[in-house]
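What follows is a short report on a single structure.
The values are calculated or read from the model by the stated rules, or taken from the named source; none is laboratory data. All values reported here derive from a predicted model rather than from experimental measurement. Glycine gets a Cβ as well: all are built from the backbone with ideal geometry, and neighbour counts include every protein chain shown.
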């Protein structure tokens, strides 16, 4: 059963896998923060390197066809060809923040956009670290409690028969 689910998961497109990971109840927010950081930092690097948005889209289309950045570039390229703006094409991705869309649409210069996206990527990274720390703070006590219950259960399983046999000695 698990192998079938895994193969089904691997057969999906990258963007569909990410949308599925983001919807997982407890750890989905961590995945969302990671992919938000990943996309924002890559956009910031490319724009900081002197590329405008059209060149960024062209660069994204040169990535591996199984990558997230290629899927984002393909979506942006299709929306650009249809006359839509870049922000509207990214708005349907759950891992793209509203702030990034606002930065892309506000008409700032390329250097301002690069600085804004760089700052947003730093904030996204800090948010990802914060969420991972919260998750660790949640998982650690739960795992210790489960381990403790297993140890007590093992002792009871070993010692109760011995105590039961000693009951007749009194």
Quick one: which of 14, 5 is surrounded by 12 or more Cβ atoms within 10 Å (Cβ to Cβ) and at pLDDT below 85? 14
So if I check each of 51, 45, which one is surrounded by 14 or more Cβ atoms within 10 Å (Cβ to Cβ) and modelled with pLDDT of 90 or more? 45
Among the numbered conditions (1) closer than 27 Å to residue 24 by Cα; (2) at pLDDT below 90, tell me where residue 127 comes up short. (2)
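Residue 83: modelled with pLDDT under 90 and under 16 Å from residue 52 (Cβ atoms), yes or no?
Values: modelled with pLDDT under 90: yes; under 16 Å from residue 52 (Cβ atoms): no.
Against the criterion (modelled with pLDDT under 90 and under 16 Å from residue 52 (Cβ atoms)), residue 83 does not qualify.
Please pick out the residue among 31, 9 that is touching a helix residue (DSSP H, G or I) at 6+ places or on another chain (Cβ under 8 Å) and over 21 Å from residue 125 (Cα atoms).
9
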Unique residue being in a loop (DSSP other than H, G, I, E, B), at pLDDT below 90 and either within 19 Å of the chain's Cα centre (by Cα) or more than 30 Å from residue 133 (Cβ to Cβ) (or both) when the list is 26, 57: 26
